[in-house]
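Heads up, the thing below is written out as structure tokens.
The values are calculated or read from the model by the stated rules, or taken from the named source; none is laboratory data. Small disclaimer: the values here were computed from a predicted structure and weren't measured. Every residue, glycine among them, receives a Cβ derived from its backbone with ideal geometry; neighbour counts consider all protein chains shown. These accessible areas exclude ligands, DNA and RNA; they are computed on the full protein's heavy atoms, side chains included. Shrake-Rupley method; radii C 1.70, N 1.55, O 1.52, S 1.80 Å.
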Amino acid sequence: MNLSTRVMLNRLTQQCVYKRIVTFSTKTAEHAIENQEEQKKEAPPTTPTPPVNRKPIIPANYRFVYPEFLPDPKVEWRNLVREKLERLDMLDRRKQIDLPEFYVGSVLAVTSSDPHAAGKTSRFVGICINRDRCGLRARFILRNVIDHQGMEVVYELYDPTIQKIEVLRLEKRLDDSLLYLRDALPEYSTFDENMEAEPLEEGAPVPVNDIKVVLRPRPWLERWERQNLRGVANIDEYLKDKHRLSAAKMQKPWEKYDMMKDYRSSIPEEEQTEIFAEVHTELHTLELQRKRNKRKRTFIKPKQLA
């Protein structure tokens with residue numbers, strides 16, 4: 001094969017070669033994008049739903065069961081940081097000891113450590129005649145007549161020396177303070193030291209004892225006729241005209257219409273809700289634990305099985 005034939009063959013092969021050209025069609029993708037845009041235009045715009053913050057349901061009786069969690073209403077004594085730290089300390093103390101629900105008029109038995117007692121502990125039974133103060137300084141007074149002698153003990157609710165608080169009789173009285181029992185007959189303040197607890201059904205309302213005490217003749221420790229007491233029966237028997245006139249002069253019937261005084265002497269409801277929302281989870285957990293322990297104590301294992 002000579003040179004000329006080779007050149008001719010090369011030219012023929014170049015002309016007969018099949019060139020493969022790969023092309024990618026974009027018509028389908030563009031059509032899909034147009035359909036998506038049309039669907040977006042037809043569908044109504046959806047607004048993003050904000051996350052739902054569930055607020056705890058706070059029982060309405062918390063301000064009566066736990067009054068010490070509410071701060072002092074006086075503005076000059078308020079300190080938000082101190083109040084928050086005190087609430088944390090109060091919750092920690094309640095995890096260590098069971099502080100039950102009680103009111104003025106309930107009969108309690110308090111066991112506290114006493115280095116001078118025989119067993120290093122002392123137990124006092126009495127009726128709660130007063131509750132005052134707030135925070136870690138909350139306190140209550142118990143009164144009992146022992147050997148014909150009236151005795152009162154002041155306890156701080158969050159005192160670390162208190163080992164146990166038992167509610168022997170859960171009830172309320174007609175007045176918020178029973179300090180007038182100091183001038184009443186001793187039978188209204190006498191309770192047995194070995195008194196057993198009177199159980200109350202779970203979920204039942206706290207009963208109100210509408211008993212009216214009888215005061216001894218004057219002189220009294222305070223002028224009870226000026227305090228509009230509902231739990232005293234014979235307060236008018238020992239009053240003279242001058243006592244009634246002085247009591248009438250001291251009356252301030254317009255104060256019950258003074259909204260500003262009521263606002264300054266109480267914590268607003270919005271702030272109460274905020275405070276109890278902060279401690280509701282811990283208090284609810286402690287209440288459930290108390291109920292479980294109560295059920296365990298009420299169950300008595302039989303000595304002999306059938």
* Structure fact -> Flagged pairs (Cβ under 9 angstrom, 6 or more apart or on separate chains; first in region 261-283, closer than 25 Å to residue 99 by Cα; second open to solvent by less than 30 Å² (accessible area, probe 1.4 Å) and of a type in the set (Asp, Glu)) are 275/83
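Residues checked against (1) exposed (fewer than 12 other Cβ atoms within 10 Å of the Cβ); (2) polar (S, T, N, Q):
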site: 158; (1), (2): no, no
site: 220; (1), (2): no, no
site: 227; (1), (2): no, yes
site: 251; (1), (2): yes, yes
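So that you can scan it fast, the table gives a plain yes or no per residue for (1) over 23 Å from residue 272 (Cβ atoms); (2) in contact with a helix residue (DSSP H, G or I) (Cβ under 7 Å, 6 or more places away or on another chain); (3) basic (Lys, Arg):
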{"residue": "71", "(1), (2), (3)": "no, yes, no"}
{"residue": "76", "(1), (2), (3)": "no, no, no"}
{"residue": "85", "(1), (2), (3)": "no, no, no"}
{"residue": "93", "(1), (2), (3)": "no, no, yes"}
{"residue": "116", "(1), (2), (3)": "yes, no, no"}
{"residue": "133", "(1), (2), (3)": "no, no, yes"}
* Mind checking which residues of region 217-264 are within 19 Å of residue 181 (Cβ to Cβ) and touching a Pro at 6+ places or on another chain (Cβ under 9 Å)? -> 237, 238
* **region 164-194, residues that are in a loop (DSSP other than H, G, I, E, B), closer than 20 Å to residue 140 by Cα and either of a type in the set (A, V, I, L, M) or without any contact (Cβ under 8 Å) to a residue 12 or more places away in the chain (or both)** => 170, 174, 178
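Restricting attention to region 241-255, does a residue exist that is aromatic (Phe, Trp, Tyr) and either under 28 Å from residue 74 (Cα atoms) or not in a loop (DSSP other than H, G, I, E, B) (or both)?
To start, the set of residues in region 241-255 that are aromatic (Phe, Trp, Tyr) comprises 254.
When the remaining residues are screened for being either under 28 Å from residue 74 (Cα atoms) or not in a loop (DSSP other than H, G, I, E, B) (or both), the result is 254.
Yes: one or more hits.
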* Tabulated pairs, region 111-123, first touching a residue at least 12 places away in the same chain (Cβ under 8 Å), second open to solvent by 40 Å² or more (accessible area, probe 1.4 Å) and of a type in the set (Lys, Arg), C-beta under 6 angstrom, 6+ apart or interchain -> 111/123; 111/164
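Answer yes or no as to whether residue 270 is in contact with a helix residue (DSSP H, G or I) (Cβ under 8 Å, 6 or more places away or on another chain), farther than 30 Å from residue 189 by Cβ and of a type outside the set (A, V, I, L, M). Write out each step before concluding.
On the way: in contact with a helix residue (DSSP H, G or I) (Cβ under 8 Å, 6 or more places away or on another chain): no; farther than 30 Å from residue 189 by Cβ: yes; of a type outside the set (A, V, I, L, M): yes.
For residue 270, the condition - in contact with a helix residue (DSSP H, G or I) (Cβ under 8 Å, 6 or more places away or on another chain), farther than 30 Å from residue 189 by Cβ and of a type outside the set (A, V, I, L, M) - is not met.
Residues being more than 20 Å from the chain's Cα centre (by Cα) and not polar (S, T, N, Q): count how many of those fall in region 165-182.
Initially, region 165-182 is screened for residues more than 20 Å from the chain's Cα centre (by Cα), giving 168-169, 173-175, 177-182.
Subsequent filtering for residues that are not polar (S, T, N, Q) retains 168-169, 173-175, 178-182.
Total satisfying the criteria: 10.
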* Structure fact -> Scanning region 90-146 residue by residue, those surrounded by 17 or more Cβ atoms within 10 Å (Cβ to Cβ), in a loop (DSSP other than H, G, I, E, B) and among the β-branched types (Val, Ile, Thr) turn out to be 104
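Matching residues to (1) touching a strand residue (DSSP E or B) at 6+ places or on another chain (Cβ under 7 Å); (2) of a type in the set (Asp, Glu):
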residue: 88; (1), (2): no, no
residue: 102; (1), (2): yes, no
residue: 115; (1), (2): no, no
residue: 142; (1), (2): yes, no
residue: 153; (1), (2): yes, no
residue: 159; (1), (2): no, yes
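Being farther than 20 Å from residue 164 by Cβ, in contact with a strand residue (DSSP E or B) (Cβ under 8 Å, 6 or more places away or on another chain) and among the small types (Gly, Ala, Ser) is the filter here; which residues of region 121-135 pass it?
Going through region 121-135, the residues farther than 20 Å from residue 164 by Cβ turn out to be 129-130, 132-135.
So of that shortlist, the ones also in contact with a strand residue (DSSP E or B) (Cβ under 8 Å, 6 or more places away or on another chain) come out as 129-130, 132-133.
Residues satisfying the conditions do not exist here.
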* Structure fact -> Taking first residues from region 195-213 that are within 18 Å of residue 126 (Cα to Cα) and second residues anywhere that are aromatic (Phe, Trp, Tyr) and open to solvent by less than 60 Å² (accessible area, probe 1.4 Å), the pairs with Cβ under 6 Å that are 6 or more apart or on different chains are 213/188
* Counted residues, region 173-203 - those being in contact with a strand residue (DSSP E or B) (Cβ under 6 Å, 6 or more places away or on another chain), of a type in the set (Asp, Glu) and exposed (fewer than 15 other Cβ atoms within 10 Å of the Cβ) -> 2
